[in-house]
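**Student:** Please find one structure pasted underneath; my questions will follow.
Please treat every number below as a calculation from the coordinates, not as lab data. Everything quoted here is computed from the prediction, not taken from an experiment. Here the Cβ positions follow ideal geometry from the backbone for every residue, glycine too, while neighbour counts run over all protein chains shown.
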Amino acid sequence: MKLPILRYGDPILRAKGRRIEKIDHRIRELAANMIETMGAANGIGLAAQQIGEARQLTVIDVSRVEDRPSTIRINGEEAEPSSVMPLVLINPELELHGEAELGVEGCLSFPEITGDIERSRSVMVRAQTLDGGIEFEAGGLLARALQHEVDHLNGILFIDRMSSAAKAALASRLKRLQKETKRGQCVRRDRELQPSETAL
């Protein structure tokens, strides 16, 4: 089921996700819905906060991106990134490796806003999947996506990683997005408070 994606200005985007202790039917369904939502939005990553759940759960799929390569090593063996996509990661932990580099990032919670963000070139990941534990090393776009999504799980947004000059240049657009989000929340609350037309 496709879910609405929360936009900048919604307070849940700043919430640190709770650890997931049990992978039950609800978590599996949530992961499946997040994969569908991410695909429908042409995204390469989606964190649970972005669909209104403050949990340590993210989904990633870089398999459709051809102009920004990714690498992955599982148990020390090089693998084809597309062979493990989409990734469902629960309670992920990252270890940053290599030098940092600038790269363009966007975010589904910030429509039409991008910025140059400094990220480590590679990361070591330890996480749970829906089927057990996983440990792998990622590079390229996948490493960047992992850092972006794990930030989300900790209430950190990509604009927090921008230079102050870049953030200042986007200030008016960010304010407008916040206002639109708050307006949308007020409209939703008003609708919820309206008595149902079918109520007796």
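**Student:** With a Förster radius of 30 Å, plug the Cβ-Cβ distance of Arg18 and Asp131 into 1/(1 + (r/R0)^6) and report the FRET value to the nearest 0.05.
**Tutor:** E between Arg18 and Asp131, to the nearest 0.05, is 0.90.
**Student:** Using Cβ counts within 10 Å as a stand-in for footprinting exposure, how do Thr71, Thr114 rank, fewest first?
**Tutor:** Lowest to highest Cβ neighbour count: Thr114, Thr71.
**Student:** On to the next question. Show the residues, 5+ positions off or on another chain, whose built amide H is closer than 5 Å to the amide H of Ser122.
**Tutor:** His97
**Student:** Let me ask something else. Given the pairs Lys2/Lys167; Lys16/Lys167; Lys2/Lys179; Lys2/Lys22; Lys22/Lys167, which span a C-alpha to C-alpha distance of over 29 angstrom in this model?
**Tutor:** Lys2/Lys167; Lys22/Lys167
**Student:** Still on this structure, please answer the following. Given the C-alpha centroids of region 99-136 and region 27-82, what is the distance between them in whole angstrom?
**Tutor:** Here the answer is 10 Å between Cα centres.
**Student:** Dividing the Cα radius of gyration by the Kirkwood radius, what Rg/Rh value follows for region 1-108?
**Tutor:** Using only Cα positions, Rg/Rh for region 1-108 is 0.96.
**Student:** At a Förster radius of 22 Å, what calculated FRET efficiency corresponds to the Cβ-Cβ distance of Thr71 and Asp116, to the nearest 0.05?
**Tutor:** So the FRET efficiency works out to roughly 0.55.
**Student:** Can you give me the pair-distance distribution of the chain, C-alpha pairs, 5 Å bins, whole percents?
**Tutor:** For the chain, the pair-distance distribution reads 1, 7, 15, 19, 20, 16, 10, 6, 3, 2, 1, 0, 0.
**Student:** Return a whole-number percent for the relative contact order of region 11-193, with Cα pairs under 8 Å and 6 or more residues apart as the contact set.
**Tutor:** So the answer I get is 23 percent.
**Student:** At a Förster distance of 45 Å, what's the computed FRET efficiency of Glu101 paired with His25, Cβ-Cβ distance as r, to 0.05?
**Tutor:** 0.65
**Student:** OK, next. So what J values fall out for region 170-177 if you push phi through Karplus, 6.51 cos²θ - 1.76 cosθ + 1.60 with θ = phi - 60°, rounded to Hz, Gly and Pro as x?
**Tutor:** 9, 3, 5, 5, 5, 4, 5, 5
**Student:** All other residues with a Cβ under 12 Å from the Cβ of Ala32 taken together, and with Lys, Arg as +1 and Asp, Glu as -1, what is their net charge?
**Tutor:** +1
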